[in-house]
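Presented below is the structure to which this report refers.
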Amino acid sequence: MNSIFFRLPDNSPIEIGATPAPIRDEAGAPFADAKPQPGDACLRPYANARLNSRLAGSLPAGDWRVRWQSELPPDFAPEFLMQSGSRILAQGAEIWLLLDLEGKAIRQGGRAPGDLLLDPENGLFYHVKHSGYVQARRLADGEEAFSFLPLYGEGYRRSALARRGSQMLLHSFELPETEPERVRVPDLTILELKDLGDPIQRDEQGYLTSDADRTNLSSRTIPMLVALNGDAPVIAAPGHLFLADRDLTIRADLTGDFTPVAMSLDEAGRIYLIVRTQGRAALWVVTQNGERQTAFLLPEGATVREQPPIIGWDHTVYLVIGDTVAAVAPDGMKRWEHALPGRFAGASVTADGQLLIGTGDDLLVLDGQGNRRVLHNFAGEHLATPPLLTTTGELLIASHRRLFCLTRQP
């Protein structure tokens, strides 16, 4: 019996049939370069459900200029940008903003903690309301489509991880509470599978009447990180990497001496994990068979960010360590390292191996050899989001005040 997981609402323990298997060092075969697939797009923070910050397009050559800029709402505090078709979705600390590709605002609204998710297949996007409800809105005009209540309602940071047909996977964890009469130390994490109904049915207020709880994995373990390998969740918890099926059945339990800090996956399901182990921070690359193919120790005393490792299409890993960015080859050797000239705003990697970084008021690009150039300087601005390469070959990035669209010089 494994006591890490239980099922809500009755707190019944979940028996895991998989025998714990220690993570072991194994060199493995060389990594073959990955190729973007149809449908690859920036649909959520860190680009996709694998959280690897990969962009599907190559960076067009040439110089760049600002084609348009759009003022952001006061106190927007931008975090991430997403794009699909003719729509841009901006995630702010407490506000979402829907725009068209010319920077015209279509609609905005409030949001509770949790990441937004674009769902172009169904013409929707999802956010969490302050009431705890997950709300679906239309990409066309931002109007409400439907809402439903996950387990336990408000008081959680929730993210919709993926929707497949009528099923939606949600990741939630408790937020701290410091009311005069009550102090709550968060310790509950929930991975929840909901069925929205087929067909979806809602009442006059837009609340679903067709939804049903399918199953959940819950734990009194924090941190518990989740990324998706296709439809299959990979769950990182202190001392464990759990591999689950789409129905949240645990099929493997990979064990070791570590505490997870950040995680992303590549196209083969390899797990890129920043860990703390034996008093040091490290990058591990672990296969789904439990083979640790890379172990790269970070400098002693390094400030480790909760930024999922950025994985190039050639499997170079880009790490933001304190005020520097480093490139680590698949064999665990450091290729290059650069100091960041300003505050780190975010980074992403293109299909042709160009690392795009927002830092201070500069949008930088670094090639595979670490050669660096300023793609554009936004004088007087403080960049705040990872750069995004759109499906039309333009670049989007936001400062604390404005959203910018860059295009190549004619």
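Observations on the structure shown:
- Applying a threshold of 6 Å to beta carbon distances and a minimum spacing of six or more residues, or different chains, the list of pairs starting in region 43-55 at a residue that is touching a residue at least 60 places away in the same chain (Cβ under 8 Å) and ending at one that is surrounded by fewer than 24 Cβ atoms within 10 Å (Cβ to Cβ) and among the β-branched types (Val, Ile, Thr) reads 55/350.
- Any hit, region 126-137, residues being among the polar types (S, T, N, Q), out of contact with any Leu (no Cβ under 6 Å at 6 or more places or on another chain) and assigned to a loop (DSSP other than H, G, I, E, B): yes
- Of the criteria (1) more than 26 Å from residue 165 (Cα to Cα); (2) not in a strand (DSSP E or B), which one residue 106 fails: (2)
- Residue 204 vs. criteria in contact (Cβ under 8 Å) with a residue 60 or more places away in the chain, not aliphatic (A, V, I, L, M) and not in a strand (DSSP E or B): no
- When region 43-87 is filtered for residues that are basic (Lys, Arg) and either more than 14 Å from residue 117 (Cβ to Cβ) or assigned to a loop (DSSP other than H, G, I, E, B) (or both), the ones remaining, listed by number, are 44, 50, 54, 65, 67.
- Among the candidates 327, 295, 351, 347, the residue that is within 29 Å of residue 68 (Cα to Cα), touching a residue at least 24 places away in the same chain (Cβ under 8 Å) and part of a strand (DSSP E or B) is uniquely 347.
- The single residue among 283, 265, 243, 254 that is under 16 Å from the mean Cα position of the chain (by Cα) and modelled with pLDDT of 95 or more turns out to be 265.
- Residues of region 257-268 that are part of a loop (DSSP other than H, G, I, E, B) and crowded, with 18+ Cβ neighbours inside 10 Å: 258, 266, 267.
- Within region 40-88, the set of residues being crowded, with 22+ Cβ neighbours inside 10 Å and small (Gly, Ala, Ser) comprises 47, 53.
The values are calculated or read from the model by the stated rules, or taken from the named source; none is laboratory data. Note that this is a predicted model, so its numbers are computed, not measured. Glycine gets a Cβ as well: all are built from the backbone with ideal geometry, and neighbour counts include every protein chain shown.
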